[in-house]
Amino acid sequence: MSSSKNIVIIPGDGIGTEITAAALQVAQAAAAQSGSSFTYETKQAGGAAIDEYGIPLPAETIEACRKADGVLLGAVGGPQWDHVAPELRAEKAILGLRKELGLYANLRPIKVFPALAGQSPLKAEIVSAVNILIVRELNGGIYYGARQEASVVNGVEQACDSEMYSRPEVERIVRLACRAAIGRKGRVTSVDKANVLATSRLWRKVAAEIAQDFSEVELSHMYVDNCAMQLVLNPGNFDVIVTSNLFGDILSDEAAVLSGSIGLLPSASLGDGTGLYEPIHGSAPDIAGQGLANPLGTILSAAMLFRYSLSNTQAAIMIEQAVEQVLNDGYRTADIFQPGFTKVSTEEMGRQVIARLR
Ligand SMILES: NC(=O)C1=CN([C@@H]2O[C@H](COP(=O)(O)OP(=O)(O)OC[C@H]3O[C@@H](n4cnc5c(N)ncnc54)[C@H](O)[C@@H]3O)[C@@H](O)[C@H]2O)C=CC1
Ligand SMILES: CC(C)CC(=O)C(=O)O
Ligand SMILES: [Mg+2]
């Protein structure tokens, strides 16, 4: 990474401030140790932006993200902003940024750290085989479809959300998933609900067509309800999962259980411009401000930022190895703590990772 790289940090709400602070320090240390540096600016989005600007996604945040080499985001949202109008909700910030930056692919790698395999609710031999990449479509589907807020029609209160997918949207995400499978096990599971949904039937047809361009990739199709079960029954059977915005959101939170905590999982959102990196979880208002949050998912998101947006694979590997070492050495935040291990705060976990960067 050259010294001219600039990133935007968006702490967001709840635990966002704590986890991005820890991840930023790790990123700065990893950059320095790999002989580089970066500049950064902090911008607001979500509830924090509602408080300061009256809107969840200020234009200056979007502009700064567009110009940056990468964005590291904590999480947005929380009960203190639940009273605002639906179009002003804090969550609109993340949906808006994904759209504004054209981030159509959300990569969510699910792995199990050897040090935590024994702690999983599933048998260690089952979770040890887990190495899944969830490729979630991020710019379409029901999160962006036409919406009718609740209103009374013919005396009955009703609301409506709609899902739409176009051929090009499915083509680009399936193509990306197939490319990602090359160099892995070469297997792509396309997850849909084609027995019911028209969008899924289009998805399945297009996925089958695109996969024909990839002779080294084996494509299979699975209904989302079965996938939810297979993820806990035979998670080692999956390699790459490609699916819609909604299904990918839900399945990745479920898959987080395999790794031991949702606080461990990173993500990269990629498109044609600036990449955005964030843990897969939300703002966890229930534990905010207490030093209880696990920062490792955000720290590993910073590793993905180095790899995909800052061309610094050395720093990425350094961070990933340090995280593994910290867990091997027995350090645990509250969410993954068990008797016999060393309990640490969010901040201390970050320091322990920095101490192992080499
Ligand atoms: N990308 C984003 O900005 C996202 C924002 N949200 C928003 O976050 C808020 C809270 O949503 P929830 O449904 O509670 O989901 P959540 O992911 O924030 O929390 C779910 C559970 O996981 C725990 N958890 C989450 N991250 C953790 C971490 N790093 N360390 C330890 N424990 C952790 C929480 O304490 C909670 O018990 C809502 O406003 C929601 O809309 C939710 C998901 C994504
Ligand atoms: C807050 C939502 C808009 C998104 C979400 O839950 C996610 O991206 O994981
Ligand atoms: Mg989610």
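Bear in mind that the values in this text are calculations on the coordinates, not laboratory data. None of these values were measured; they are calculated from a predicted model. Using ideal geometry, Cβ is built from the backbone for each residue, glycine included, and neighbour counts are taken over all protein chains shown.
Binning the C-alpha pair distances of the chain at 20 Å intervals from 0 yields a P(r) profile of 30, 60, 10, 0 %, listed from the shortest bin outward.
For segment 121-259, the equivalent ellipsoid derived from the Cα gyration tensor has semi-axes of 29, 20, 11 Å, listed largest first. Between the residues Cys65, Ala322, Ser244, the greatest Cα displacement towards the positive end of the dipole of the chain, with unit charges on the Cβ of Lys, Arg, Asp and Glu, is found for Ala322. The percentage of C-alpha pairs in segment 260-358 whose separation is greater than 23 Å is 26%.
The residue list Ala49, Pro79, Ser36 was ranked by how far each Cα lies along the charge dipole of segment 36-86 toward its positive end, using unit charges on Cβ atoms, and Ser36 comes out on top. Relative contact order for the chain: 23 percent, from Cα pairs under 8 Å spaced at least 6 residues apart, divided by residue count. Each Lys and Arg adds +1 at its Cβ and each Asp and Glu adds -1 at its Cβ; summed about the Cα centre, the chain shows a dipole of about 980 debye.
For the chain, the membrane-span-like helices by this rule, meaning whole DSSP H stretches whose C-alpha atoms cover at least 15 Å of axis and whose Kyte-Doolittle mean is -0.5 or above, are 16-33, 167-181, 198-211, 245-259, 296-308, 313-328; this says nothing about an actual membrane.
For the listed residue pairs Lys67/Lys99; Lys92/Lys205; Lys123/Lys205; Lys5/Lys99, the alpha carbons are over 25 angstrom apart in Lys92/Lys205; Lys123/Lys205. Please report Rg over Rh for segment 142-208, where both radii come from the alpha carbon positions and Rh follows the Kirkwood definition. A ratio of 1.18. Considering only alpha-carbon pairs that sit under 8 angstrom and 6 or more positions apart, the relative contact order computed for segment 121-259 is 38 percent. Across every direction, the projection of the convex hull enclosing the Cα atoms of segment 291-338 has a mean area of 3.4 nm². The dipole here belongs to segment 135-217: it is taken about the Cα centre, uses +1 on the Cβ of Lys and Arg and -1 on the Cβ of Asp and Glu, and is about 460 debye.
Ordering Leu138, Leu357 by the number of other Cβ atoms within 10 Å of each residue's own Cβ, fewest first, gives Leu357, Leu138.
Shown is the FRET efficiency for Val196 and Tyr144, computed with R0 = 22 Å from the Cβ-Cβ distance and rounded to the nearest 0.05: 0.60.
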